Amino acid sequence: MTVSYTLKVANARFGGFSKLLFRWKGSIYKLLYKEFLGFIVLYAGLSAIYRYLLNEDQKRLFEKVAKYCNRSTDLIPLSFVLGLIKEEEMGK
C-alpha cells in the first residue's frame, strides 16, 4: 500500500503529528470523532443544566437518578454491548 504523505511524515514539525492523524485514512480519530463530539455536547449540556438551572431539590433527584444508572451498568456487560455495536457496523 502506497502512502501519499510519506514526505510529510519525514519532515514533521511541532503540531505535525495531529495533522498526520487526520490525514491518515485508517485513523481511529476519523472513525470516532462524531461520537466524541456528541458525547462532549451532551456532557456539557447536562453539566450546565445541573450547575445553573436546577435548584437543590432537583439536584438531589438528579444525583439519585445518576447513582441508579451507575448501579445498573453492572447488569449488562460492556463486552456484550460492544459486540452488538460491532455486529451492527458489519451489517452496513
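At-a-glance table
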item: Added length on full extension, which subtracts the Cα-Cα distance from 0.36 nm per residue, L37 to R51; result: 3.0 nm
item: Isotropic mean projected area of the C-alpha convex hull, segment 24-67 (nm²); result: 3.9
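A short reminder: the numbers here are calculations on the coordinates, not readings from a lab. Here the structure is a predicted model, which means the values were calculated and not measured.
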